[in-house]
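Below you'll find the structure, written out as structure tokens, and then a few comments.
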Amino acid sequence: MLVLTSFASADQVLPALRRGAAGYLLKDSAPAEVEAAIRAVHRGEGLLDPAVTPTVLAEVARPGGSNSTPGGVADPGIDSLTPRERQVLGLLGRGLTNAAIARELLVAEKTVKTHVSSILAKLRLADRTQAALYAARLGLTS
């Protein structure tokens, strides 16, 4: 599900993500951004509008905020990731797409997709949005 709305406040964004939205985009986005978001969510990727990312990151950083993996499953930990997967996770946390991560790391987009799949499996996360939240919680987004 992709949420397309004019609301960027925490009381709108967070419930939508908690209820399974894979993407959250503001209505003032350019048509090309909306199209790209629809395609990304259709491919199973998560997407957050850059304007709502601070809201999500603030919730993750807030004492008593989200601090466990979805479903209450024990967190297998960052140590299960390779150094390259940690790098990719940090870039996911900054909201970069697979294509942007590939450009940043000078690798093929297919290689990034492989890393993302591995990260999701190792950390028992459902999608890119959860991976981005995980990365933010660990401080990997700087």
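So which residues in the stretch 79-95 are touching a helix residue (DSSP H, G or I) at 6+ places or on another chain (Cβ under 9 Å) and either over 23 Å from ARG18 (Cβ atoms) or modelled with pLDDT of 90 or more (or both)? SER80, LEU81, THR82, ARG84, GLU85, ARG86, GLN87, VAL88, LEU89, GLY90, LEU91, LEU92, listed by residue number. Restricted to the stretch 1-63, the set of helices (runs of 4 or more DSSP H) holding at least 3 residues that are at pLDDT 90 or above comprises 31-42.
Within the stretch 37-49, being without any contact (Cβ under 8 Å) to a residue 12 or more places away in the chain and either within 13 Å of LEU4 (Cβ to Cβ) or not basic (Lys, Arg) (or both) holds for one residue alone: HIS42. Listed by position, the helices (runs of 4 or more DSSP H) enclosed by the stretch 81-142 that each have at least 1 residues that are surrounded by fewer than 17 Cβ atoms within 10 Å (Cβ to Cβ) are 83-93, 98-105, 109-123.
The values are calculated or read from the model by the stated rules, or taken from the named source; none is laboratory data. Every value quoted in this text rests on a predicted model; they were computed, and no experiment measured them. FYI the Cβ positions are ideal-geometry reconstructions off the backbone, even for glycines, and counts take in every protein chain you see.
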